[in-house]
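The values are calculated or read from the model by the stated rules, or taken from the named source; none is laboratory data. Since this is a predicted model, take the numbers as computed values, not measurements. Every residue, glycine as well, gets a Cβ built from its backbone with ideal geometry; the counts of neighbours run over all protein chains shown.
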Amino acid sequence: MPEHIYATDGADFEKLCAEGFTVDEALQLVHMKNHVTEHTEYKEMMEESRRLGFIRWLIEHDRISH
């Protein structure tokens with residue numbers, strides 16, 4: 001996992017290894033922790049896009065007026 005090499009320098013990585021996680025498991029967990037906010041922001045953007053699409057559909061089909 002070369003894209004996660006930077007994660008081996010952190011205290012989180014060291015703590016996970018000390019707790020018994022394998023190097024690969026620790027790398028994956030640190031990577032997930034570092035990128036969870038990106039996933040959350042993307043999910044929120046997609047939900048907003050779906051809401052706007054639904055409102056657009058309601059307007060186009062005369063279910064509500066603007």
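Restricting attention to the stretch 24-62, which residues are over 27 Å from Phe13 (Cα atoms) and either outside any helix (DSSP H, G or I) or among the hydrophobic types (A, V, I, L, M, F, W, C) (or both)? Explain how you work it out, then say what you get.
Initial filter on the stretch 24-62 (over 27 Å from Phe13 (Cα atoms)): 44-62.
Of everything in the stretch 24-62, those that are over 27 Å from Phe13 (Cα atoms) and either outside any helix (DSSP H, G or I) or among the hydrophobic types (A, V, I, L, M, F, W, C) (or both) turn out to be Met45, Met46, Leu52, Phe54, Ile55, Trp57, Leu58, Ile59, His61, Asp62.
With the requirement that a residue be at pLDDT 90 or above and β-branched (Val, Ile, Thr), what does the stretch 1-60 give you?
If the condition is that a residue be at pLDDT 90 or above and β-branched (Val, Ile, Thr), then Thr22, Val23, Val30, Ile55, Ile59 are the ones that fit.
Just checking, how many residues over the stretch 24-63 are within 22 Å of the chain's Cα centre (by Cα) and β-branched (Val, Ile, Thr)?
To start, the set of residues in the stretch 24-63 that are within 22 Å of the chain's Cα centre (by Cα) comprises 24-52.
Subsequent filtering for residues that are β-branched (Val, Ile, Thr) retains 30, 36-37, 40.
Here the count works out to 4.
Show the residue pairs meeting these rules: Cβ distance below 8 Å; 6+ apart or different chains; first residue within the stretch 41-66 and surrounded by 10 or more Cβ atoms within 10 Å (Cβ to Cβ); second residue at pLDDT 95 or above and not aliphatic (A, V, I, L, M).
Arg63/Trp57
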